[in-house]
Amino acid sequence: MKKKVFVVDDESLIASLIESAMTEDFEINHIATGKGCLDRLTREKPHMMFVDMHMPEMSGLEVVANMRRSPQLSHIPVVIMSANTSEFEKNLVLSQDVQGYVSKPLNYNDINKAMSHISFS
């Protein structure tokens with residue numbers, strides 16, 4: 001069975017890049033907004049998520065905060081993605097309940113490194 005991965009980013013190219021870095025064991029699902037992600041999470045539960053930090057309507061950390069308040073969603077691993085490479089933002093993100101942080105532009109090594117820290121049960 002394929003592991004379902006949500007890629008939450010307002011740029012569809014990001015989901016394509018992540019999909020090309022993954023093996024065929026993963027099913028990549030692109031979701032363009034944080035609100036759309038939270039809505040979809042009421043119907044589907046992914047094995048993990050890549051979430052953009054800066055999106056219209058709702059930030060990646062707001063998505064994570066909403067998820068962590070729900071017992072049904074709190075266990076889903078999340079890797080935050082951001083084009084902001086400041087140490088302040090990286091430390092802010094990593095102080096939240098997330099499993100990783102990758103800088104944009106993404107590369108295969110960073111994606112695979114983030115994936116290696118995720119425990120799929």
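Listed values, structure above:
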quantity	calculated
In the stretch 41-53, residue nearest to the chain's Cα centre (by Cα) [restricted to those that are outside any helix (DSSP H, G or I) and surrounded by 15 or more Cβ atoms within 10 Å (Cβ to Cβ)]	50
Qualifying positions in the stretch 87-119 - in a helix (DSSP H, G or I) and either over 17 Å from residue 28 (Cβ atoms) or touching a Gly at 6+ places or on another chain (Cβ under 8 Å) (or both)	87, 88, 89, 90, 91, 92, 93, 94, 109, 113, 114, 116
Matching residues in the stretch 43-80 - criterion: being among the aliphatic types (A, V, I, L, M), out of contact with any Ser or Thr (no Cβ under 7 Å at 6 or more places or on another chain) and within 12 Å of residue 98 (Cα to Cα)	48, 49, 51, 61, 63, 64, 65, 76, 78, 79, 80
In the stretch 1-25, the residues that are farther than 14 Å from residue 48 by Cβ, in a helix (DSSP H, G or I) and not β-branched (Val, Ile, Thr)	12, 13, 16, 17, 20
Lone qualifier among 104, 113 - being in contact with a strand residue (DSSP E or B) (Cβ under 9 Å, 6 or more places away or on another chain), surrounded by 12 or more Cβ atoms within 10 Å (Cβ to Cβ) and in contact (Cβ under 8 Å) with a residue 60 or more places away in the chain	104
Residues (within 23 Å of residue 70 (Cβ to Cβ), small (Gly, Ala, Ser) and out of contact with any Ser or Thr (no Cβ under 9 Å at 6 or more places or on another chain)) located in the stretch 1-42	36
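Every residue, every condition in (1) under 19 Å from residue 105 (Cβ atoms); (2) exposed (fewer than 13 other Cβ atoms within 10 Å of the Cβ); (3) more than 11 Å from the chain's Cα centre (by Cα); (4) modelled with pLDDT of 95 or more, yes or no:
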residue	(1), (2), (3), (4)
7	yes, no, no, yes
12	yes, yes, yes, no
39	no, yes, yes, yes
67	no, no, yes, yes
73	no, no, yes, yes
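The values are calculated or read from the model by the stated rules, or taken from the named source; none is laboratory data. Keep in mind that this is a model prediction, so the values were computed, not measured. Glycine gets a Cβ as well: all are built from the backbone with ideal geometry, and neighbour counts include every protein chain shown.
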